[in-house]
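Notes to accompany the following structure.
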Amino acid sequence: MSKQLPEKILIVDDEPDIAQILKLHLEEFGYITNWAADGEAALKQLSSNGHDLVLLDVRMPGISGVEVLQRLRASGLDTAVIMMTAHGNENLVVECMKAGAADYVAKPFDIDDMMIRMKRALENQQIVKQKKILEQEKEDFIFMLSHDMKNPITAVIGSIDIMREGRLGEVNPEQAEYLQSAIESCQEVVTMIDNLLDMQRFDTGRMQSRISPVNPCTLLETAVRHFSAAAERENIALTLNAKTRVPEIAVDSSILARVFANLIGNALKFVPDGGAINISCDCIERSTFGKAEIQAAGSSSEFASAASFVRISVTDNGTGVSSEDLTNIFKRYVQAGNASRRSRGGAGLGLAFCKKAVESFGGCIWAENNEDEGSRFIILLPGQSGSFTSENSIPEKLA
Ligand SMILES: Nc1ncnc2c1ncn2[C@@H]1O[C@H](COP(=O)(O)OP(=O)(O)O)[C@@H](O)[C@H]1O
Ligand SMILES: [Mg+2]
């Protein structure tokens with residue numbers, strides 16, 4: 001096993017005597033030390049030399065210790081910092097902690113106490129570093145998934161589709177059905193990977209949305225058409241009611257399309273053969289909000305300022321969700337204990353993605369139990385004022 005290198009400490013103090021005493025003690029304990037006599041010199045040393053910890057005097061000529069700390073954090077360096085001062089008060093301690101100090105010691109300090117605090121700060125720093133490395137590994141793994149797994153699956157879907165279409169030789173209806181089912185299973189894996197990737201993008205602030213005014217009914221119509229063959233095969237009535245005029249919404253249409261795909265895909269998993277899924281889209285005014293809308297209301301400024309909202313609901317007569325699970329299912333990796341006959345695994349990420357996506361558009365999403373059976377997922381999105389769509393002519397039943 002490689003021997004651990006001694007930790008490097010930067011002492012920042014304008015009083016050479018104090019710096020000298022600290023240096024002697026620290027070196028006795030096996031640390032390597034450097035000294036900076038003011039804030040400017042400290043920042044210069046910190047930017048070039050890899051220090052593990054800084055002992056930083058608060059009062060110094062030129063820039064103060066607190067400002068050095070603030071500039072250090074602003075530059076992205078997370079080296080552990082312990083502040084030292086002879087003129088401490090509670091407000092100063094709070095200010096230092098807020099600025100990112102690991103600890104605070106009052107002068108004159110007790111060297112044993114100082115050593116304990118340094119050891120603790122260095123250990124905490126190590127934990128933070130380890131966590132960062134793990135975060136980075138997780139991120140690298142998730143982005144690797146997108147290329148190294150999604151691309152081959154997409155190629156598999158393409159090849160099966162060519163066979164299913166009969167371009168490589170005749171296929172009978174039963175074979176075509178099996179091939180279609182294989183395609184849908186592959187597509188579920190692609191959806192899972194997409195959900196995972198997008199959750200990561202939302203978490204790291206790297207989600208790039210292309211927001212534009214969108215007619216929600218057109219988007220729903222496309223989503224329903226996409227699932228109509230699967231619904232038909234299971235003898236499920238998939239209907240869309242979107243006949244009223246609704247405002248346009250400011251969203252990224254491809255992200256919202258994936259939200260709809262997740263909700264319809266879930267409903268298909270949980271309704272029995274011969275069941276029904278109804279999707280509706282209408283306009284609701286804030287003045288007519290009921291208890292459910294008020295409770296679920298989004299916290300964004302777009303939500304707070306809108307008067308009209310587009311309400312989209314996906315209702316099914318499947319197994320439903322128990323009352324305790326109605327909010328939990330929107331947390332990542334949560335699956336309620338209502339495994340369905342058609343359940344094909346899944347990762348419990350779909351609804352977490354839906355929630356992040358809808359909230360990124362200033363809206364909200366929640367689930368309700370249907371009156372007698374099944375569940376209903378409802379989305380409210382702030383309408384763009386004065387941008388009503390023309391009357392929709394979408395047929396009531398698409399499947
Ligand atoms: N339409 C529905 N009917 C009944 N339960 C549902 C429905 N939609 C979602 N659920 C429940 O919520 C859980 C989480 O859904 P989701 O986040 O999409 O993950 P996954 O589909 O991967 O299980 C599901 O496992 C299921 O228990
Ligand atoms: Mg799902």
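None of the figures in this text is laboratory data; all of them are computed from the coordinates on show. Bear in mind the structure is a predicted one, so any value in this text is a computation, not a measurement. All Cβ positions, glycine included, derive from the backbone under ideal geometry; neighbour counts span all protein chains shown.
Give the relative contact order (percent, whole number) for the range 235-305; include only Cα pairs under 8 Å separated by 6+ residues.
It comes to 50 percent, rounded to a whole number.
Given the options 374, 65, 265, which has the most mean-square fluctuation in a GNM of the chain, springs set between C-alpha atoms less than 10 angstrom apart?
Comparing 374, 65, 265 in the GNM, the peak value goes to 65.
Using alpha carbons only, how many degrees (0 to 90, rounded to 10) separate the axis of helix 90-99 from the longest principal axis of the chain?
50
Taking the convex hull of the Cα atoms, report for the chain its projected area averaged over all directions, in nm². Present the calculation step by step, with values, prior to reporting the outcome.
Numbers: hull surface 114.7 nm².
Computing the convex hull of the Cα atoms and averaging its projections yields 28.7 nm².
If amide H atoms are built 1.01 Å from N in the plane of the peptide, which residues on other chains or at least 5 residues away come under 5 Å of the amide H of residue 104?
HN-HN under 5 Å from residue 104: 83.
Determine, for each peptide in 168-176, 5-13, the mean count of other beta carbons within 10 angstrom over its residues, then list the peptides with the highest first.
Averaged packing, sorted descending, gives the order 5-13, 168-176.
Using modelled backbone amide H atoms (1.01 Å from N, in-plane), which distant-in-sequence or interchain residues come within less than 5 Å of residue 251's amide H?
Close amide H contacts, sequence-distant or interchain: 212, 214.
Treating cross-link reach as a plain straight distance, find the aspartates and glutamates whose alpha-carbon is under 17 Å from the alpha-carbon of residue 356, omitting any fewer than eight places away in the same chain.
By straight Cα distance, residue 356 reaches 194, 198, 203, 252, 302.
Can you tell me the Rg and the Dmax, both Å, for the Cα atoms in the range 211-388?
15.4, 46
Nearest 10 degrees is fine. How inclined is helix 39-48 to the longest principal axis of the chain, computing both from alpha carbons?
Value to nearest ten degrees: 60.
Can you tell me the orientation of helix 16-28 relative to the chain, as the angle in degrees between its alpha-carbon axis and the longest Cα principal axis, to the nearest 10?
Between the helix axis and the principal axis of the chain, the angle is about 70 degrees.
Please compute the contact order of the chain in relative form: average sequence separation of alpha-carbon pairs under 8 Å and at least six residues apart, divided by the residue count, as a percent. Let's see the in-between values first.
On the way: 650 pairs, mean separation 50.3, N = 399.
Relative contact order of the chain: 13 percent.
For the pairs 150/331; 132/331; 269/331; 23/131, note any where the Cα-Cα span goes beyond 29 Å. List each step's numbers first, then the result.
On the way: 150/331 24 Å; 132/331 23 Å; 269/331 19 Å; 23/131 31 Å.
In this structure, 23/131 exceed 29 Å between Cα atoms.
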